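Enquirer: Dumping the structure here so I can ask a few things about it.
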Amino acid sequence: MTNIIASQDSRIAIVVSRFNQDVTDGLLWGARACLAEHGIALAETDVLSAPGAFEIPLIAQALAKSGQFDGVICLGCVIKGDTAHFEYISQAASSGLMAASLSTGVPLSFGILTTYTDEQAAVRSRDDVHNKGREAALACLEAIHTLAAINQFSGAAR
C-alpha cells in the first residue's frame with residue numbers, strides 16, 4: 001500500500017530542542033529533507049527552537065492554536081543519565097504533545113528521541129533513511145492527509 005501524503009500547500013512548523021543539539025541538528029536535517037522530497041516549502045521562520053524537550057509541547061500547542069499551520073513536527077533528544085530526570089522529561093514531553101494534539105486537532109508528530117545512550121541517539125539522527133526526524137515529518141504529513149480525508153468525508157455525508 002502506498003502512503004498518501006499531505007498536499008504541497010500544507011504549512012508545517014518544526015519545533016526543535018537546543019539540548020543535545022548535535023543530535024537534534026541531525027533530526028532537523030532529516031525532517032527538512034523529507035519535507036523537501038514531498039514538495040513542502042518550509043520558511044526559516046517556521047522552524048522554532050525550544051530550550052529542551054520539556055518545553056516542546058507548549059510551543060507546539062501555541063503553533064497549533066495559531067491556525068497558521070496544518071501540522072507541527074516536534075524534535076528533541078533525551079538521553080538517560082544517572083538520575084530519574086530522563087523518565088520525568090520523557091513522560092512529560094510525550095503526554096504534553098498528545099494532550100496538545102488532541103486539544104487542538106492539529107497533528108503534532110513525536111520526533112523526540114528517548115534513548116539510553118549517546119550512541120543510540122547518534123544512530124537515530126544520522127543522514128540516512130532511518131533518521132527519526134525524517135520519520136516524524138512523514139508521520140505528520142500522513143496525519144494531515146488522513147484528517148483532511150476524514151473532514152472531507154464528514155462534510156460530504158451531512
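Enquirer: Please compute the modelled spin-label separation between SER154 and LEU58, points set 7 Å along Cα→Cβ, answer in nm with one decimal.
Expert: Modelled inter-label distance: 3.0 nm.
Enquirer: Once every DSSP H run of n ≥ 4 in the chain is given -39500 (n - 2.57) and the sum is divided by its residues, what mean residue ellipticity at 222 nm do you get, rounded to the nearest 500 deg cm²/dmol? Please report the intermediate quantities before stating the final value.
Expert: Values: 5 runs with 80 residues, N = 158.
Result for the chain, helices only: -17000 deg cm²/dmol.
Enquirer: What residue among HIS85, HIS38, HIS145 shows peak mean-square fluctuation when the chain is described by a Gaussian network model with Cα springs under 10 Å?
Expert: HIS85
Enquirer: Oh, and also: Please give me, ordered by residue number, the chymotrypsin sites (Phe, Trp or Tyr not before Pro) of the range 86-158 that lie in loop per DSSP and have at most 16 other Cβ atoms within 10 Å.
Expert: Loop-located and lightly packed - TYR116.
Enquirer: Could you tell me which residue out of VAL47, PRO57, VAL15 lies farthest along the dipole of the range 1-157 toward its positive end? Charges go on the beta carbon: Lys and Arg +1, Asp and Glu -1, centred on the Cα centre.
Expert: Ranked along the dipole, the leading option is PRO57.
Enquirer: With the chain treated as a Gaussian network of Cα nodes joined by springs under 10 Å, which of SER17, SER94, SER103 yields the largest mean-square fluctuation?
Expert: It is SER103.
Enquirer: Mind listing the phi-derived Karplus ³J(HN,Hα) values for the range 69-76, rounded to whole Hz, using 6.51, -1.76 and 1.60 with θ = phi - 60°, and x for any glycine or proline?
Expert: With the stated coefficients, the range 69-76 comes to 10, 7, x, 9, 9, 10, 10, x Hz.
Enquirer: Which one of GLY111, GLY81, GLY52 has the biggest mean-square fluctuation once the chain is modelled by GNM with Cα springs under 10 Å?
Expert: GLY81
Enquirer: Which GluC sites (Glu not before Pro) in the range 1-88 pass both tests, a DSSP loop state and at most 10 other beta-carbon atoms within 10 Å?
Expert: none
Enquirer: Restricting to Cα pairs below 8 Å that are 6+ residues apart, what does the relative contact order work out to for the chain? Please round to a whole percent.
Expert: 31 percent
Taken together, the values in this text are just the output of simple stated rules run on the coordinates, not laboratory data. Predicted model, so just to flag it, every value in this text is computed and none were measured. Here the Cβ is made from the backbone with ideal geometry for all residues, glycine too, and neighbour counts use every protein chain on show.
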